[in-house]
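Worksheet: the structure to be examined is printed underneath.
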Amino acid sequence: MFLRTDEGLELAGGTSALRFGRAPITAAPTAAAWRGRIESFDWTPDLGADIGSRTWWRGLATCTAMCGAVWMLSPGFDRPIYSAVPAALDGTALDEARSLSFGASALGGTSGMRLAATSRVRPLANTPERPVVEATATLGSGVAGALQRTGVGADEAQQVAAMIAGRVDPADLTPGTRLDITLGRRDAPTRPRPLERLAFRAKFDLALEVVREGGTLRLDARPIAIDHTPLRIRGRVGASLYRAARAAGAPAKAVESYIRTVSGLVPMGQVGQDDRFDIIVEQARAATGEVQLGQLLYAGLAGRRDVRLVRWQDGSRTEWLDPAGVGERKGSMIWPVAARISSNFGWRVHPVLGFRRLHKGMDFAAAYGSPIRATTDGRVAIAGRHGGYGNFVKLDHGGGLATGYGHMSRIVVAPGTRVSRGQVIGYVGSTGLSTGPHLHYELWKNGVPVNPRSVAFATVQRLQGQELGRFRSLVGRLMGVTAR
């Protein structure tokens, strides 16, 4: 059964309805709907995606159309494009433009209003110079060179250098010293400026100043007061002796010297954390506030093993002695001459006397004139003719140790002088009871001849007499220093 409705014929019955007739009537799209469609439309689809699709072909057509439009609208590729160029400004117009513009002065900018020159203005023939120039220079190879680099004339620079050399040795001037220089007005632009003042620190305890008075240069020396009280530092060893001493204010070189000195008596592995170190170093404190620290003077350690060592300078040799003036010197002796041993220490038949007797030394079969050297440091006790030894030299090494050198052809040292290890003291010969050129070498321990081969060079240094008195005075001064 069919029913007529507003939309057409409808089959009634069952669970469904069949409709026949005209399609539903819809309303025309509005302006808002068109705008939405336009905004959502993809005008430039990606030509790298969906290649071959309808969207891709539409995008290719759009791109081709746009390229063609640009080509159609172009004025041409072989014809220049003309534009209006403003005329260059000059005269009043240029001045007005400059007054309204901004420019960097470093690049030649002339910004801002300027007053025109009047009839009273006269151009300058030369640029005026400063009447005084103050400068600083660094001392290099010499004072004269530093002054000339600053602008002082060569003659005047040499004059000032000679004045300074008369007061301080130029070799004592430290390179890098700062020179404060003041130059005066010169007579003509082509002439160098005269030196008005030169001031610098010549030494730690001396400041020099050269000033001009009445056209004449004068050198003034100003001594600087120096306090030479040593610096004493004490503290607990803790986890590290080096770090503890450095943290307490001891200089690095002094700490290194302290450890080397103390370790000769106490291995560092046996130093406990609760041990106390005591260090005294040289110190020079200037009145101007500068401080210079020097060498280690005293090394002390209190704990499982006590150590007290004082530095003692004996000529060119440095000794570490205890406060009583006793210390151990360690080292090794050298052979007195470069030659083979022809006779050892012991009993033998004397080649000249012809009977059996003790040979108290060693003989070296060296060529005539070979140099003879001191086996270690010492003082010349005997130097001259000495019985069967011929030309003979005896050296006293302290601690009861002495060496002798016989049959020399020539002696080059004098009694009482000090000699160092390896120093030439004479030359091989055949003087005295000798059958040919050789060196007879003896070694005494507390006045008793001993075999030179059997002695390990470890002697005790003990100060005596005036030397001991000076040493005790030094120890007293050091022990009186208060720790910081």
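Some observations on this one:
- Mean-position separation - Cα centroids, the range 204-231 and the range 263-290, in angstrom: 34
- Per-residue SASA entry for Glu282, accessible area with 1.4 Å probe, Å² rounded to 10: 80
- Overall form of the range 242-281 per C-alpha gyration tensor (a/c, 1.5; a/b vs b/c): oblate
- Listed by chain and number, the aspartates and glutamates whose C-alpha is less than 13 Å from the C-alpha of Lys203, apart from same-chain residues fewer than 8 away, are Asp169, Asp172, Glu290.
- Cα gyration tensor category, rounded, prolate or oblate, for the range 126-217 with a/c compared to 1.5: prolate
- Mean separation of Cα contacts under 8 Å (6+ apart) over length of the range 387-427, as relative contact order %: 35
- For the range 358-441, the Cα gyration tensor yields ellipsoid semi-axes of 19, 13, 12 Å (square root of five times each eigenvalue, largest first, whole Å).
- Once you reduce the range 291-308 and the range 168-195 to the center of their Cα atoms, the two points are 46 Å from each other.
- Per-residue Karplus couplings for the range 466-475, computed as 6.51 cos²θ - 1.76 cosθ + 1.60 with θ equal to phi - 60°, are listed in order as 4, 4, 5, x, 5, 5, 5, 5, 5, 4 Hz, Gly and Pro entered as x.
- Under 5 Å, built H, 5+ apart or other chain: amide partners of Ser342: Asp363, Phe364, Ala365
- Per-residue packing, averaged as other Cβ atoms within 10 Å, sorts the ranges 264-273, 389-398, 62-71 into the order 389-398, 264-273, 62-71, beginning with the highest.
- Taking Lys and Arg as +1 and Asp and Glu as -1, the other residues whose beta-carbon sits under 14 Å from that of His386 total +2.
The values are calculated or read from the model by the stated rules, or taken from the named source; none is laboratory data. Owing to the predicted nature of the structure, the values given are computational and were not obtained by experimental measurement. Quick reminder, even Gly has a Cβ in these numbers, built from the backbone with ideal geometry, and neighbours come from all protein chains shown. The accessibility values were calculated without ligands, DNA or RNA, using every heavy atom of the protein model including side chains. Shrake-Rupley method; radii C 1.70, N 1.55, O 1.52, S 1.80 Å.
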